[in-house]
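J.: Shown below is the structure under consideration.
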Amino acid sequence: MNSQYSISQAAIGASPVPLLIAQDVIAFDGFGLQNANIITNEIDYDDTGNIDLNSFNYPREDGGAVLSKFYRGRDIKLTVTIKAATSDAFQALLDTVKKSLSKTEGQLDVVVAGETRTIKATCKRIDFQRKHYNITFVQAQITFESKEPFWYSKSSQSFQFLGKTGTFSEEFTNLGSANGNPALYFIFGTSSVSAVTITAFGKTLTLSTSFSTGDILIVDSGKKSITKNGTEIDYTGQFPIFKPGSCPFTVTFTGTVAVDLTVIVPKNYL
């Protein structure tokens, strides 16, 4: 007897096609921008974003120096060809394009060397440049604005440091090309800890909170949040940021500890 049944043409328990496989190599919130009807001819995702450079001149000699440098988002411009078989289908497609790109801060995805890079973006202009002869095709300009500083891989980097029984120093390699705000997950075994300190690249974060067997500590640099068993706790100092390349760090415990640590780092790109 056949024990497999189906609901809506899919076998029970069958997995749907993952979004990253099903969608086009360029897409906005799942709406494809590289297919038979919408062809992206140009996209400037490789350009760097807006850089906020705070500098000063030396008052009594030549030259100057930089006080700070921060990335402040970017515009992403696409040149696309939009076409359909008939004039009615073409007009419907133009309306679909406008509707599908109307979401505020959707995810703009681009597949680069087999890896999907994404960024939160908002379409701020579509210029169809339509002339009287554009009955079934047009070449359009689409401009997205992103307030996020970097593109980042859909798949974050993960590193595990297991079975630690005291203060330790470790290192991993950040394969991105820009700084990443990590999330650190501590799971305590048999422990009696009164404080935890995390040090990386000159930044130190101190948690003057007790931790014991079974506690879970999450330090999320991206959200600027620290929780113990799901409840926010106080801290002093600065959240760690991991640079591209080698990333050494030290975790110091006051007391006795047995702990597993998982570090999740976004793979960011300039």
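J.: I'm checking my understanding of the structure. Among residues of segment 164-185 that are aliphatic (A, V, I, L, M) and within 18 Å of L217 (Cα to Cα), which one is surrounded by the most Cβ atoms within 10 Å (Cβ to Cβ)?
T.: Keep residues of segment 164-185 that are aliphatic (A, V, I, L, M), which gives 175, 178, 183-184.
Cutting the leftovers down to within 18 Å of L217 (Cα to Cα) gives us 183-184.
Working: A183: 19, L184: 24.
Only one residue fits best here, namely L184.
J.: Sticking with this structure for a sec: Give me the pairs: first residue in segment 175-188 and under 17 Å from G49 (Cβ atoms), second residue open to solvent by less than 50 Å² (accessible area, probe 1.4 Å) and of a type in the set (D, E, K, R), beta-carbon distance under 6 Å, and six or more apart or on different chains, which are they?
T.: Close Cβ pairs satisfying both conditions: G176/K267.
J.: A further question on this structure: Return the residues of segment 36-88 that are surrounded by 16 or more Cβ atoms within 10 Å (Cβ to Cβ) and of a type in the set (S, T, Y); say none if nothing qualifies.
T.: Selection gives T40, Y45, Y71.
J.: Continuing with the same structure: How many residues, within segment 196-236, are within 22 Å of E171 (Cα to Cα), of a type in the set (G, A, S) and surrounded by fewer than 18 Cβ atoms within 10 Å (Cβ to Cβ)?
T.: Number satisfying all stated conditions: 2.
J.: Hey, among the residues in segment 15-35 that are open to solvent by 70 Å² or more (accessible area, probe 1.4 Å) and modelled with pLDDT of 90 or more, which one's farthest from V112 (Cα to Cα)?
T.: D29
J.: Give all pairs with beta carbons closer than 7 Å in which a residue from segment 49-74 that is in contact (Cβ under 8 Å) with a residue 60 or more places away in the chain meets a residue that is surrounded by 10 or more Cβ atoms within 10 Å (Cβ to Cβ) and of a type in the set (S, T, Y); count only pairs at least 6 apart in sequence or on separate chains.
T.: Between residues of segment 49-74 that are in contact (Cβ under 8 Å) with a residue 60 or more places away in the chain and residues that are surrounded by 10 or more Cβ atoms within 10 Å (Cβ to Cβ) and of a type in the set (S, T, Y), the close pairs are G49/Y71; G73/S146; R74/S146.
J.: Is it the case, given these coordinates, that K103 is open to solvent by less than 80 Å² (accessible area, probe 1.4 Å) and of a type in the set (K, R)?
T.: Details: open to solvent by less than 80 Å² (accessible area, probe 1.4 Å): no; of a type in the set (K, R): yes.
Judged against the criteria, K103 is not a match.
J.: Just a yes or no: is a residue in segment 243-259 without any contact (Cβ under 8 Å) to a residue 40 or more places away in the chain and either acidic (D, E) or out of contact with any Gly (no Cβ under 9 Å at 6 or more places or on another chain) (or both)?
T.: Checked segment 243-259: no residue is without any contact (Cβ under 8 Å) to a residue 40 or more places away in the chain and either acidic (D, E) or out of contact with any Gly (no Cβ under 9 Å at 6 or more places or on another chain) (or both).
J.: In addition: Any residue in segment 126-136 that is open to solvent by less than 40 Å² (accessible area, probe 1.4 Å), touching a residue at least 60 places away in the same chain (Cβ under 8 Å) and among the hydrophobic types (A, V, I, L, M, F, W, C)?
T.: Initially, segment 126-136 is screened for residues open to solvent by less than 40 Å² (accessible area, probe 1.4 Å), giving 128, 134.
Applying the additional criterion that residues be touching a residue at least 60 places away in the same chain (Cβ under 8 Å) yields none.
The answer is no, given that none of the residues of segment 126-136 is open to solvent by less than 40 Å² (accessible area, probe 1.4 Å), touching a residue at least 60 places away in the same chain (Cβ under 8 Å) and among the hydrophobic types (A, V, I, L, M, F, W, C).
J.: Further question on the same structure: Restricting to segment 146-163, give me the number of residues that are assigned to a strand (DSSP E or B) and open to solvent by less than 60 Å² (accessible area, probe 1.4 Å). Spell out the reasoning first.
T.: The initial filter retains those residues of segment 146-163 that are assigned to a strand (DSSP E or B), namely 146, 151-153, 157-163.
If we keep only those that are open to solvent by less than 60 Å² (accessible area, probe 1.4 Å) as well, we get 146, 151-153, 157, 159, 161, 163.
Qualifying residue count, segment 146-163: 8.
J.: Which members of segment 67-95 meet the condition of being out of contact with any Ser or Thr (no Cβ under 7 Å at 6 or more places or on another chain) and within 22 Å of I119 (Cα to Cα)?
T.: Those that are out of contact with any Ser or Thr (no Cβ under 7 Å at 6 or more places or on another chain) and within 22 Å of I119 (Cα to Cα): K69, F70, Y71, R72, T79.
The values are calculated or read from the model by the stated rules, or taken from the named source; none is laboratory data. The shown structure was predicted, so the numbers you read here are calculated from the model rather than taken from an experiment. Positions of Cβ are backbone-derived with ideal geometry, glycine not excepted, and every protein chain shown enters the neighbour counts. Please note that ligands, DNA and RNA were not included when accessible areas were found on the heavy atoms of the full protein model with its side chains. Shrake-Rupley method; radii C 1.70, N 1.55, O 1.52, S 1.80 Å.
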